[in-house]
1. Starting at the first residue of region 418-432, write each ³J(HN,Hα) from the Karplus equation 6.51 cos²θ - 1.76 cosθ + 1.60 with θ = phi - 60°, in whole Hz, x for Gly and Pro.
2. First measure r as the distance between the Cβ atoms of TYR14 and GLU121, then evaluate 1/(1 + (r/R0)^6) with R0 = 25 Å and state the FRET efficiency to the nearest 0.05.
3. For a Förster distance of 35 Å, can you work out the FRET efficiency between the beta-carbons of ARG204 and TYR72, rounded to the nearest 0.05?
4. Which one of ILE712, VAL676, PHE702 is farthest out on the positive end of the charge dipole of region 666-720, using unit charges on Cβ (Lys, Arg +1; Asp, Glu -1) and the Cα centre as origin?
5. VAL647 versus ASP687, label points 7 Å from Cα toward the beta carbon: distance in nm?
6. When the chain is fully extended, how far beyond the present Cα-Cα distance does LEU348 get from ASP251, taking 0.36 nm per residue of separation?
7. Taking amide H atoms as placed 1.01 Å from N in the peptide plane, list the residues 5 or more away in sequence, or in a different chain, whose amide H sits under 5 Å from that of ILE678.
8. For ARG177 paired with ASP464, estimate the spin-label separation in nm (one decimal), with each label point 7 Å from Cα along the Cα-to-Cβ line.
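Read-outs: derived from the displayed coordinates by stated rules, not from any lab. Note that the structure is predicted; figures quoted are calculated from it, not measured. Every residue, glycine among them, receives a Cβ derived from its backbone with ideal geometry; neighbour counts consider all protein chains shown.
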Amino acid sequence: MGAVVNGMPISVFYRYLWHRNKTLLFKTIAIHYIIPVILELLPWITSKRKIGSILRDTKVEISHIMSTNAPYNSALMTKYVVLTIYYSILDNIHSHLISIVAVENRLQIRRMVMEKLLYSEIGAFDFLRKKKRIGPYELEYRISSSINTTISFFTFTLPNFFASFYAFVIEATLLLRKGNKIDPLIILHPILIAVYQKVSQKLRIHLIEKNEFKLKDTYNQAMSKMISNTVEGLSDIQINNLQETQLSLFDDLVQKDLSTSKSFSSLVSSTWRSIHSRSVFEFAAEVYIAHKVMARQGIDNQSYRKTLLDINHAIRLANRLTSSIISFKSIYKHQKKVKKLLNIPTFLEEDSNLKYICKFDELKISNVKFSYENNGGALLGPPPLVLDLQSEMVIHPGKIYALIGQNRSGKSTLNHILCKLYSPTEGQITMNGIPYSEISRSSIRRMISYVSQRPFIFPGTILDNIRVGNPDATEEEVLAAADAAGVFAFAENYLDDGLHHSDDDFYHPPSSINKNNSSANVLSPIKPPQFTNSAPSTPMMQNSNPPLPTPMENKHLKHLKHVHHQQQHHNQQQLQPQSPISATTKTIEQGEELESNKLVQRVWSVLNLAGMDGNESDEEEEGDGVSTPTIVPQLVDNSNHPILNQVIEMGAKNISGGFAQSIALARIFVRTEAKVVILDEAMSQMDAYKKREIIFPKLFQFAERNNITLIIVTHDIQSIQNTVDHIFVLDHGKLIHQGSHNELIEENAFGYMKLLGLKRNPSISFK
């Protein structure tokens, strides 16, 4: 019995409230159960049932005074009005409290469902979605409504049942005490009237209106279909002069519809409804029974009306009881599904019994096999293996690994297993020598950061989205993380700076532009921003060491820098560049200093990204007295940052895929507690320049500085083949090669060579 009670949805929900919201639990029990009982036990002034009984008696007395033409009783009428208002206030206060608690319960149910969804095994809710063929948008609503329907039975239907049952017993007892004054006819009268109304309605619908509605629906559908066909074939009808033929067919349908409206059955139906609405038979039966009862019992009309109202009230209570009992059946249908939903285990409960790891020494993957569940049952046989590594993979701290392979080779599945989204079918994964099955999910996911190809971006600012990785990160740390992840390089395209320039003018240094154009080798005279040397720098920026530029790049960059310094010492009126920017530059110089800063920021970003020689830069800066700014200059007030405070819409609809990836990537730069970072095609939508010149240098420096292990899943192995320490090659779920780039080339590893687009050397065999 105890197990049955504990498994009931109300027990599960109340246990949830006990742990999450005790105040709501006490309010629910008090309003639905305790308060109604206390009010009923108190004097009549607090009991709705007792006040209702007084109101019925008072109304009958007032009606009797009117029927006997007795003097007007103002005190009696005042009593009736005041008690009616008081009863309404009590009833609405109780209903309002019930509705408030019901809303809070519904919201808590939705939160419980969301919590179950977030902390349960992947696919735990699929049994409902696949069985009912509903989409993800309907899933939460269906689950919440099913649970709410079941819970409301215990919080509304059941208390209402007990209240109705109690009131019915009291009213029936009072009626039995008047047994000698109650005639059987007065009890049968409302029952017979209710039966007559039901039978009359059923006969009218079944014998007359059902056929009418069926014919009307048939003709309406035929007319709609004819009009639709006419629209589709209008050209043929007009070309062949078939308009009159089509109208003739339509007229036939109209005549059939008219004949239905003019039919005798239609007249009978309307007459029946009219007689029924006037309640003529009910009135005649009531008058006959009233005379009979008053004559047989020797009572007046007032006593008869009072007894009749009491009996009608008892019958209504009986109807409420019947409705509650009938609802038991409909609620029972939800029980099985709701119990299954509520009993879905969460790994929060499981984690409390598992080990918690605080450091990373080694990750070993041994002979792992994995297959997704086969929902087709035994008819389809065992599900196919998605992973069958058949060997061992070892991940060490501070190393850089590449996981490569063709599509559907099992890369993402393996990463999901490493993050403990799934458990392997066979084989074993250990961290620090401890099996994954003994380690809590929360500690594994604190130790591992995962960035997917399609990252989840929350609605809100970019600053808030980056802080998801570390809510305690300072704005300076977020700024440095955004810089390292290339957020600002993407965001330039989303800031409306009022400047109109071509991509060629923006991305190519002056020395690469046509030398015959005299205006091509100069920039618009823009006042550079005054960057202070006292701006705080983050460790991420202090330790950056980008690769040195090529001699050709140095030449271009020197020329660009020379042009910029030359602009600072010349009169702006003497320079008349023939570019589309010139008109806008004058407007910027007059007042839009912020917009000017953005353009200069872009110029300096070219210098920073190329990583110019430090000594040469220092000499030039000393000569001109200008300090080279970072890619994005430090702002005094980051709360007004034009990029970090850009608002992202729901679903990240207002940013590109590459921009979303850079925002998600920035999260790992503020989350230093994670010692393993998995990048699952996390830069697939970024161009090669941003990856090579901005992100990879900062990423590798960040990993080295914090002793972080990188596992990079990519199809662009050429960009990192000489940087990674170890490469794993998967093919159809099997680990076919592993080793460094040079080792795999020396081994003439066929799968690796194919991914590189190289031909295998037949003279070299596998070692």
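1. Result, rounded to whole Hz: 5, 7, 6, 6, 10, 10, x, 5, 9, x, 8, 10, 10, 10, 6.
2. According to the calculation, E is roughly 0.50.
3. 0.20
4. PHE702
5. About 3.0 nm, to one decimal.
6. Result for the pair: 27.9 nm of gain on full extension.
7. SER449, TYR450, VAL451, ILE711
8. It works out to 6.4 nm between the two label points.
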